[in-house]
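Okay, structure first, notes after.
The values are calculated or read from the model by the stated rules, or taken from the named source; none is laboratory data. Worth saying up front: this structure is predicted, and the values here are computed from it rather than measured. Methodologically, a virtual Cβ is constructed for each residue, glycine included, from the backbone with ideal geometry; neighbour enumeration extends over all protein chains shown. Note: accessible area is taken over every heavy atom of the protein model, side chains too, but ligands, DNA and RNA are not part of it. Shrake-Rupley method; radii C 1.70, N 1.55, O 1.52, S 1.80 Å.
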Amino acid sequence: MTKRILKIFLLFIGLFLLLLAINSFRNSRLSIFPSFGFGPGVHDFSKNLNGGYNLNRNSAHEIFIAPKDGWNSEIVIIPSKVLKVNTYKEFIIAERQGLNKRNPKDSLDGYEIPNENVKDYWILNTDENYVLKNLKINDLQKKLESLKIPADIELIDVYKY
């Protein structure tokens, strides 16, 4: 009985090492835990916008606009969840849907879910690194006019942009 358990244990260790070896050939860097299909999903994307910015989708609710080369607290972004977007000269105009914590009483649960009742608009100036945020539709129209952005600019769904 003990020899049988030992053989089964050795079989599983061999399989683990085989999978680890396959993973190291698949990836240029060696990882302790093989990535068996984990990573970007088939619906994730990164689309070019103007001024060195990208529209990024990392998950169903994590759709945001940020510089291609990364960012820090000094560089403005448009955080999740971006629904619609368009560009005009140095401006990126976006419609966002608000997100709420799934479980506000649990400080360890950082997952956010869409709030269907909260929508706002953002205008990001890529040349001057500033963003006008949390605009209501009336405020958006006034800002578009003051920035000389055509008032009839159409915001395009992120999946069609």
What about Ser59, is it surrounded by 14 or more Cβ atoms within 10 Å (Cβ to Cβ) and either assigned to a loop (DSSP other than H, G, I, E, B) or over 15 Å from the mean Cα position of the chain (by Cα) (or both)?
-> no
Count, please, the residues in region 14-56 that happen to be in a loop (DSSP other than H, G, I, E, B), modelled with pLDDT under 90 and either in contact with a helix residue (DSSP H, G or I) (Cβ under 6 Å, 6 or more places away or on another chain) or hydrophobic (A, V, I, L, M, F, W, C) (or both).
-> 7
Taking region 63-113 on its own, how many of its residues are more than 14 Å from the chain's Cα centre (by Cα), surrounded by fewer than 18 Cβ atoms within 10 Å (Cβ to Cβ) and either within 30 Å of Ala151 (Cβ to Cβ) or of a type in the set (Lys, Arg) (or both)?
-> 9
Return a yes/no flag: does region 116-132 have any residue that is β-branched (Val, Ile, Thr), under 17 Å from Asn48 (Cα atoms) and either part of a strand (DSSP E or B) or open to solvent by less than 60 Å² (accessible area, probe 1.4 Å) (or both).
-> yes
Find all pairs meeting these conditions: Cβ atoms under 7 angstrom apart; at least six residues apart or on different chains; first residue within region 136-161 and open to solvent by 70 Å² or more (accessible area, probe 1.4 Å); second residue of a type in the set (Val, Ile, Thr).
-> Lys143/Ile123; Tyr161/Val85
Asp44: open to solvent by less than 30 Å² (accessible area, probe 1.4 Å) and not hydrophobic (A, V, I, L, M, F, W, C), yes or no?
-> no
